[in-house]
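The values are calculated or read from the model by the stated rules, or taken from the named source; none is laboratory data. Predicted, not measured: the structure shown is a model, and the values here were computed from it. Note: ideal-geometry Cβ built from the backbone for every residue, glycine included; neighbour counts use all protein chains shown. Side chains are part of the model used for accessible areas, which takes the heavy atoms of the whole protein and leaves out ligands, DNA and RNA. Shrake-Rupley method; radii C 1.70, N 1.55, O 1.52, S 1.80 Å.
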Amino acid sequence: MDPRLTEARNPRTRAIDRADSVTIVRLIQAEDRAVPEAVASQAEGIARVVDDIVERFRRGGRLVYAGAGTSGRLGVLDAAECPPTFGVDPSLVRAIIAGGPGALVQSAEGAEDSRAGGAEAVRELGVGPADLVLGIATSGTTPYVLGALREAASLGAGTAFLGCTEPAREVADLVDHLILPLVGPEVIAGSTRMKAGTATRLVLNAITTAAMVRTGRVYENLMVDLRARSAKLVDRGIRIFTMVTGASRAEARRALIRTGGAVKTALAMHALGVDRARAER
């Protein structure tokens with residue numbers, strides 16, 4: 001019998017193949033309700049990872065996700081969303097995925113079996129002691145992720161692991177941090193794109209959002225470091241500027257034009273009465 005919680009059969013959904021659509025949807029939703037509680041149980045562990053990442057950011061280090069399949073795609077997604085949301089350099093939060101960029105749009109499941117592939121990806125990214133590599137493997141056993149973590153540790157980097165079942169002793173002994181939201185068996189046995197995937201998304205959101213808040217990328221609860229480079233973001237930037245300063249939309253638009261869409265710089269220029277160069281400093 002497979003000991004992995006993510007591979008177990010869910011007794012509450014054994015008759016799902018004979019259910020009508022509304023019953024199937026309700027079964028899925030009933031299981032989904034367990035996810036936030038499982039993630040909430042890991043709050044202190046998530047916070048410790050955030051503290052570690054913040055310290056590494058301040059030393060010039062990076063956060064690197066390593067995953068395969070759904071886990072890898074969620075890591076890539078979270079990393080990709082950090083620059084437009086928080087104005088950070090794309091190199092600050094990186095992600096490696098088994099099978100490379102092609103695995104984002106087409107399954108490359110065989111690639112996850114290569115420990116050497118995970119180790120090579122870590123080396124190619126130039127991971128070093130200032131970085132933290134967070135391996136994502138909801139089943140707890142993905143060779144690609146284990147290879148990436150072991151290589152990262154050998155290079156002196158910090159390590160963390162996110163999974164939805166108790167990991168192998170090898171992983172527990174290797175990493176600095178464990179995050180284990182145990183969401184239980186999936187609606188469809190082994191389909192970890194479901195509850196485990198949702199839990200993963202919630203954890204990664206919490207990690208990067210909290211780290212960006214801690215490093216000054218947010219004012220109150222406003223994303224002041226966004227770069228207004230699309231119509232939607234220009235509108236958001238204008239609204240942020242008016243909320244903080246009380247200025248009119250026309251004034252806000254002119255301020256953003258002067259800074260090339262950099263909201264925080266525009267706010268500093270307005271608050272301090274200085275030019276762009278001084279505001280940026």
Qualifying residues in the stretch 9-35 (those that are open to solvent by less than 30 Å² (accessible area, probe 1.4 Å) and modelled with pLDDT under 95) - the one farthest from Thr165 (Cα to Cα)
Thr13
Can you name the number of the only condition in (1) without any contact (Cβ under 8 Å) to a residue 12 or more places away in the chain; (2) in a loop (DSSP other than H, G, I, E, B) that Thr23 fails?
(2)
Could you grab me the full set of residues in the stretch 53-72 that are surrounded by fewer than 20 Cβ atoms within 10 Å (Cβ to Cβ), at pLDDT 95 or above and under 14 Å from the mean Cα position of the chain (by Cα)?
none
Please go through (1) outside any loop (DSSP other than H, G, I, E, B); (2) of a type outside the set (A, V, I, L, M, F, W, C); (3) crowded, with 16+ Cβ neighbours inside 10 Å for Glu170 and return the number of the only condition it doesn't satisfy.
(3)
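If you scan the stretch 248-262, which residues turn out to be free of Cβ contacts under 8 Å to residues at least 40 places away in the same chain and either among the hydroxyl-bearing types (Ser, Thr, Tyr) or touching a Lys or Arg at 6+ places or on another chain (Cβ under 9 Å) (or both)? First the steps, then the outcome.
Initially, the stretch 248-262 is screened for residues free of Cβ contacts under 8 Å to residues at least 40 places away in the same chain, giving 248-261.
Those that are free of Cβ contacts under 8 Å to residues at least 40 places away in the same chain and either among the hydroxyl-bearing types (Ser, Thr, Tyr) or touching a Lys or Arg at 6+ places or on another chain (Cβ under 9 Å) (or both): Ser248, Arg249, Ala252, Arg258, Thr259, Gly260, Gly261.
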Per the list (1) open to solvent by 70 Å² or more (accessible area, probe 1.4 Å); (2) under 27 Å from Lys264 (Cβ atoms), residue check on Thr85 breaks on (1)
Please list, ordered by residue number, the helices (runs of 4 or more DSSP H) wholly in the stretch 45-158 having 1 or more residues that are in contact with a strand residue (DSSP E or B) (Cβ under 7 Å, 6 or more places away or on another chain) and not aliphatic (A, V, I, L, M).
69-86, 115-124
If you go through Ala38, Ala111, Ala80, Ala47, the only one that is within 24 Å of Pro181 (Cα to Cα) and either crowded, with 20+ Cβ neighbours inside 10 Å or of a type in the set (Ser, Thr, Tyr) (or both) is Ala38
